[in-house]
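Enquirer: There's a structure below that I have some questions on.
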Amino acid sequence: MDKRTVYMDYNATTPLRAEVKEAMKADLDVYANASSMHELGRLARARVEEARADVASIIGAGSDDVIFTSGGSESNNTVFATMFHRGRRGGRTGVVTTKIEHPCVLNAARWLEDEGFPVRFLDVDNTGRVDMDQLARALGPDTLLVSVMAANNEIGTIQDMEAIGALAKKAGAYFHTDATQAVGKIPVDVDRWQADYLTLSCHKLYGPKGVGGLFIRKGAPIEPLIRGGHQEHGHRAGTYNNPGILGFGLAARLAKSELDDYEAKTRALRNRLRDGLLSAIPKIRINGHPDFVLPNTLNVSFPGAEGEAILLYMDLAGIEVSTGSACASGSLDPSHVLLATGLGPELAHGSIRFSLGRDSTEDDVDYVLGHLPGIIARLRAMSTVDA
Amino acid sequence: MTSAFSWLYSDVVKDHFTNPRNVFSPDEDFKADAEGMTGNVKCGDQMLFMLKVEDDVIKDVRWKTYGCASAIASTSMLSDVIKGMTIRDAYNIKPEDIATRLGGLPDNKIHCSVLGDKALRAAIDNYLEKTGRAGAFRNEGAKIVCTCLNISDRDIEEAVKQGARDWEGLQERTKIGTVCGGCRKEAEELLHDYVHIFGD
Ligand SMILES: Cc1ncc(COP(=O)(O)O)c(C=O)c1O
Ligand code: FES
């Protein structure tokens, strides 16, 4: 097989769509400050507001209820900072989240814990789903915030958002969800989920990096993380990032209109990859939920082979994926998500995340199926650990 | 130091990673005179070293690993270098020498790369034991201080020689104590001693 580049790391980030890139390029000349009152400023502002409507629409929200941020990390931190101020003023202080959140939620929650807020990190079952009984028991009259990610970035597991939202609201808590990985991949609806806050990030849906959004339900408190000018109704200061916001709007509009196609396409390719791996490589384990899983995501453990070695052999073959083992990033700890699903450290160290996208093809999948069995066989042959 | 990933593309590392030398093959009949195992799968890596020895000279070597790319590349290099060496010389090879031959390794890969070196020493100790000289090189050998990361008193000594003066500096160079942290007390005592000896 001729060497080629196969990108299967779309959950890490996505390429910029050609249409979005063109629109952003054109927008670079609309240089006016979108807060200025003159004509050019009003033009720039109109484009921001148009984008806001598109972004709001992909999550079933009204445009007034979405603010722009620098990304998912900022949106999540804004919610936790808001809860910090809220809790400090008296009343409820309890925070309930999960063990499998993205580090930007986990670390924000740990910060609140350090500040004296009672924080509960919920367990998940072996498919990565939140234990609903444990959630129900964790909620009480002191619960201020429930924050549960809609879909997990590593294993793709999708939570029962309607049920979680209903429980949170019944307990009188605010409900936040980090929907960074869900938006553009599955239907997202702030009303059906009863979300008070919802986090989005643009670079996961074929838009530019460094742009995100936060849905804030009317009446829910919000405290700016960045204080300054009156942009975003004073909820987030800083001159509007026009090209980025415009790119976000277009990316969201396209993602919404193509959602069905996207789901069908990535699901078919992902299943082809999954079935191909299962039949070509003995003793592998598919992680995550068999049904409640993002259509594009496949997380696999390869017993007997170490994740980073697998990743780099694939890299040398031109295949770009992620590993659940964080050795590559300097820590020796295996993925907190996989460990939370009860996977032993040994299986967690030998895990690979494949995430497909709108540009993926059957040829890409077949290329991986052509290379990976040999890589695993080779690593297993030299391994001190039995598969 | 090379950055986290660029090292893979040094031709030497890439060559040893893609064509590791002296890897044990399950199909071959390799009768080892001694074996040594180190590492822990829980921490993500493990290494087995097998030696054929004649008149205290290493005649042939095989190894196996559950380990990352730098463990594979550096052990491959090490296994080439020690062939024909006396067991004593091999025992005293420094992991840095191997790293240097590979054109340097990023800081966060040093741990992985010393795995082969430790397994080699374990195999030589095993050989000494089998030939009635248990612990013969012990004084020259290293004592593991951090069991999680297989970091020895020698490694601490070397880190101090290279400029580590406090716990942070030592951690920066060796990553010692970053898993369970149980080794900190002993390591700090050694650090204190070595700073006293080698410090400026
Ligand atoms: C689930 C989840 N939340 C948050 C983020 C952070 O988003 P951003 O990169 O826009 O800050 C990511 C992306 O890495 C993610 O996957
Ligand atoms: S003994 Fe050193 S980190 Fe555990």
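The values are calculated or read from the model by the stated rules, or taken from the named source; none is laboratory data. Owing to the predicted nature of the structure, the values given are computational and were not obtained by experimental measurement. Heads up, the Cβs are rebuilt from the backbone with ideal geometry, glycines too, and the neighbour counts pull from every protein chain shown. In case anyone asks, the SASA skips ligands and DNA or RNA and just uses the protein heavy atoms, side chains included. Shrake-Rupley method; radii C 1.70, N 1.55, O 1.52, S 1.80 Å.
Enquirer: Output the residues belonging to the range A:243-284 that are open to solvent by less than 70 Å² (accessible area, probe 1.4 Å), assigned to a helix (DSSP H, G or I) and among the acidic types (Asp, Glu). Give the derivation first.
Expert: Step one: filter the range A:243-284 for residues open to solvent by less than 70 Å² (accessible area, probe 1.4 Å), giving A:243-252, A:254-255, A:258-259, A:262-264, A:266, A:268-271, A:273-274, A:276-277, A:280-281, A:284.
Those still in the list that are assigned to a helix (DSSP H, G or I) too: A:243-252, A:254-255, A:259, A:262-264, A:266, A:268-271, A:273-274, A:276-277, A:280.
Passing the criteria: only A:263.
Enquirer: In the range A:189-209, which residues are closer than 24 Å to residue A:268 by Cα and either within 13 Å of ligand 1 (Cβ to nearest atom) or of a type in the set (Gly, Ala, Ser) (or both)? If you could, list the steps in order and put the result at the bottom.
Expert: The first filter runs over the range A:189-209 and keeps only residues closer than 24 Å to residue A:268 by Cα, leaving A:203-207.
Within the range A:189-209, A:203, A:204, A:205, A:207 meet the criteria.
Enquirer: Out of the residues in the range A:106-133 that are part of a loop (DSSP other than H, G, I, E, B) and open to solvent by 30 Å² or more (accessible area, probe 1.4 Å), state the one that is modelled with the lowest pLDDT.
Expert: Initial filter on the range A:106-133 (part of a loop (DSSP other than H, G, I, E, B)): A:115-118, A:123, A:125-129, A:131.
With open to solvent by 30 Å² or more (accessible area, probe 1.4 Å) added as a condition, the list becomes A:115-116, A:118, A:123, A:125-126, A:129, A:131.
Numbers: A:115: 97, A:116: 97, A:118: 98, A:123: 97, A:125: 97, A:126: 97, A:129: 98, A:131: 93.
Looking at residues that are part of a loop (DSSP other than H, G, I, E, B) and open to solvent by 30 Å² or more (accessible area, probe 1.4 Å), I get A:131.
Enquirer: Where in the range B:11-74 are there strands (runs of 3 or more DSSP E), lying fully within it, with 2 or more residues that are among the acidic types (Asp, Glu)? Give the derivation first.
Expert: Details: elements: B:34-40, B:45-54, B:57-66.
The strands (runs of 3 or more DSSP E) meeting that bar are B:45-54.
Enquirer: Additional query: Of the residues that make up the range A:119-135, is at least one closer than 21 Å to residue A:255 by Cα and among the hydroxyl-bearing types (Ser, Thr, Tyr)?
Expert: Of all residues in the range A:119-135, those closer than 21 Å to residue A:255 by Cα come to none.
No, because not a single residue in the range A:119-135 is closer than 21 Å to residue A:255 by Cα and among the hydroxyl-bearing types (Ser, Thr, Tyr).
Enquirer: Return yes or no: is residue B:155 surrounded by fewer than 22 Cβ atoms within 10 Å (Cβ to Cβ), away from ligand 2 (no atom under 11 Å from the Cβ) and not in a loop (DSSP other than H, G, I, E, B)? Talk me through it step by step, then tell me what you get.
Expert: On the way: surrounded by fewer than 22 Cβ atoms within 10 Å (Cβ to Cβ): no; away from ligand 2 (no atom under 11 Å from the Cβ): yes; not in a loop (DSSP other than H, G, I, E, B): yes.
Answer is no for this residue.
Enquirer: I need the full set of residues from the range A:193-212 which are over 10 Å from residue A:245 (Cα atoms) and small (Gly, Ala, Ser), in order please.
Expert: Quick first cut of the range A:193-212, residues over 10 Å from residue A:245 (Cα atoms) only: A:193-201, A:203-206, A:209.
Matches in the range A:193-212: A:195, A:201.
Enquirer: Scan the range A:180-195 residue by residue and report those that are farther than 18 Å from residue A:62 by Cα and surrounded by fewer than 24 Cβ atoms within 10 Å (Cβ to Cβ). Show your work before the answer.
Expert: Here is the first cut: in the range A:180-195, the residues farther than 18 Å from residue A:62 by Cα are A:180-182, A:185-186.
Within the range A:180-195, just A:186 meets the criteria.
Enquirer: Kindly provide the set of residues from the range B:29-57 that are without any contact (Cβ under 8 Å) to a residue 12 or more places away in the chain and more than 9 Å from chain A (Cβ to nearest Cβ), ordered by number.
Expert: Across the range B:29-57, the qualifying residues are B:29, B:54, B:55.
Enquirer: Output the number of the condition that residue A:268 fails; it satisfies all remaining conditions of (1) in the same structural domain as residue A:30 (by TED's automatic domain parsing); (2) farther than 17 Å from residue A:56 by Cα.
Expert: (1)
Enquirer: Is it the case that the range A:204-221 has a residue that's among the small types (Gly, Ala, Ser), within 26 Å of residue A:14 (Cα to Cα) and not in a loop (DSSP other than H, G, I, E, B)? Can you show your working first?
Expert: Taking the range A:204-221 as the starting set, the residues that turn out to be among the small types (Gly, Ala, Ser) are A:207, A:210, A:212-213, A:219-220.
This time we only want the ones that are within 26 Å of residue A:14 (Cα to Cα), so: A:207, A:210, A:212-213.
Still in the list and also not in a loop (DSSP other than H, G, I, E, B): A:212-213.
Yes, the conditions are met somewhere in the range A:204-221.
Enquirer: Is it fair to say residue A:90 is modelled with pLDDT under 95, over 27 Å from residue A:12 (Cβ atoms) and more than 13 Å from ligand 1 (Cβ to nearest atom)? Reasoning before the result, please.
Expert: On the way: modelled with pLDDT under 95: yes; over 27 Å from residue A:12 (Cβ atoms): yes; more than 13 Å from ligand 1 (Cβ to nearest atom): yes.
Criteria met by residue A:90.
Enquirer: Contact list please: Cβ distance under 6 Å, first residue in the range A:84-104 and farther than 24 Å from residue A:156 by Cα, second residue part of a loop (DSSP other than H, G, I, E, B) and not small (Gly, Ala, Ser), pairs at least six apart or on different chains.
Expert: Pairs that qualify, where the first residue is farther than 24 Å from residue A:156 by Cα and the partner is part of a loop (DSSP other than H, G, I, E, B) and not small (Gly, Ala, Ser), are A:85/A:223; A:86/A:221; A:87/A:93; A:87/A:117; A:92/A:142; A:93/A:117; A:94/A:118; A:94/A:142.
Enquirer: Still on this structure, I have one more. For the range B:186-197, state whether one or more residues are without any contact (Cβ under 8 Å) to a residue 24 or more places away in the chain, outside the structural domain of residue B:39 (by TED's automatic domain parsing), within 15 Å of ligand 2 (Cβ to nearest atom) and part of a helix (DSSP H, G or I).
Expert: Within the range B:186-197, one or more residues are without any contact (Cβ under 8 Å) to a residue 24 or more places away in the chain, outside the structural domain of residue B:39 (by TED's automatic domain parsing), within 15 Å of ligand 2 (Cβ to nearest atom) and part of a helix (DSSP H, G or I).
Enquirer: Give me a count of the residues in the range A:9-67 that are part of a helix (DSSP H, G or I) and out of contact with any strand residue (DSSP E or B) (no Cβ under 7 Å at 6 or more places or on another chain).
Expert: 28
Enquirer: Taking only the range B:165-182 into account, find how many residues are more than 9 Å from ligand 2 (Cβ to nearest atom) and under 27 Å from residue B:46 (Cβ atoms). Please lay out each step first, then the result.
Expert: Pass one, the range B:165-182, residues more than 9 Å from ligand 2 (Cβ to nearest atom): B:165-174.
Remaining after also requiring under 27 Å from residue B:46 (Cβ atoms): B:170-174.
Number of matching residues: 5.
Enquirer: Continuing with this model, one more query. Filter the range B:58-81 down to the residues that are closer than 12 Å to residue B:33 by Cβ and open to solvent by 10 Å² or more (accessible area, probe 1.4 Å), then identify the one that is farthest from the other protein chains (Cβ to nearest Cβ).
Expert: From the range B:58-81, those closer than 12 Å to residue B:33 by Cβ are B:58-62; that's our starting set.
Add one more test, that the residue is open to solvent by 10 Å² or more (accessible area, probe 1.4 Å), and what stays is B:59-60, B:62.
Working: B:59: 21, B:60: 17, B:62: 10 Å.
By that ranking, first place goes to B:59.
Enquirer: How many residues are among the aliphatic types (A, V, I, L, M) and closer than 18 Å to residue A:379 by Cβ when one looks only at the range B:16-36? Spell out the reasoning first.
Expert: Within the range B:16-36, the subset among the aliphatic types (A, V, I, L, M) is B:23, B:32, B:34.
Among the residues that remain, those that are also closer than 18 Å to residue A:379 by Cβ are: B:23.
Looking only at that region, the number is 1.
Enquirer: What about residue B:99, is it open to solvent by less than 30 Å² (accessible area, probe 1.4 Å), more than 16 Å from ligand 2 (Cβ to nearest atom) and either more than 15 Å from residue B:16 (Cα to Cα) or in a helix (DSSP H, G or I) (or both)? Explain how you work it out, then say what you get.
Expert: On the way: open to solvent by less than 30 Å² (accessible area, probe 1.4 Å): yes; more than 16 Å from ligand 2 (Cβ to nearest atom): yes; either more than 15 Å from residue B:16 (Cα to Cα) or in a helix (DSSP H, G or I) (or both): yes.
For residue B:99, the condition - open to solvent by less than 30 Å² (accessible area, probe 1.4 Å), more than 16 Å from ligand 2 (Cβ to nearest atom) and either more than 15 Å from residue B:16 (Cα to Cα) or in a helix (DSSP H, G or I) (or both) - is met.
Enquirer: Go through the range A:285-387 and tell me which helices (runs of 4 or more DSSP H), entirely inside it, have 2 or more residues that are in contact (Cβ under 8 Å) with a residue 12 or more places away in the chain, open to solvent by less than 40 Å² (accessible area, probe 1.4 Å) and facing chain B (nearest Cβ under 10 Å). Break it down stepwise before answering.
Expert: On the way: elements: A:307-316, A:336-340, A:345-349, A:362-381.
Filter on the range A:285-387 gives A:307-316, A:345-349.
Enquirer: Sticking with this one: Within the bounds of the range B:130-151, is there any residue that is assigned to a helix (DSSP H, G or I) and free of Cβ contacts under 8 Å to residues at least 60 places away in the same chain? Step through it out loud before you land on a result.
Expert: Kept after step one, since they are assigned to a helix (DSSP H, G or I), are these residues of the range B:130-151: B:130.
With the extra rule that they be free of Cβ contacts under 8 Å to residues at least 60 places away in the same chain, the set shrinks to none.
So far as the range B:130-151 goes, no, none of its residues is assigned to a helix (DSSP H, G or I) and free of Cβ contacts under 8 Å to residues at least 60 places away in the same chain.
Enquirer: How many residues does the range A:134-161 hold that are part of a helix (DSSP H, G or I), open to solvent by 10 Å² or more (accessible area, probe 1.4 Å) and of a type in the set (A, V, I, L, M, F, W, C)? Please lay out each step first, then the result.
Expert: First pass over the range A:134-161, keeping only residues part of a helix (DSSP H, G or I): A:134-138, A:161.
In the following step, the residues that additionally are open to solvent by 10 Å² or more (accessible area, probe 1.4 Å) were identified as A:134, A:136-138.
Still in the running and of a type in the set (A, V, I, L, M, F, W, C): A:136, A:138.
Qualifying residue count for the region: 2.
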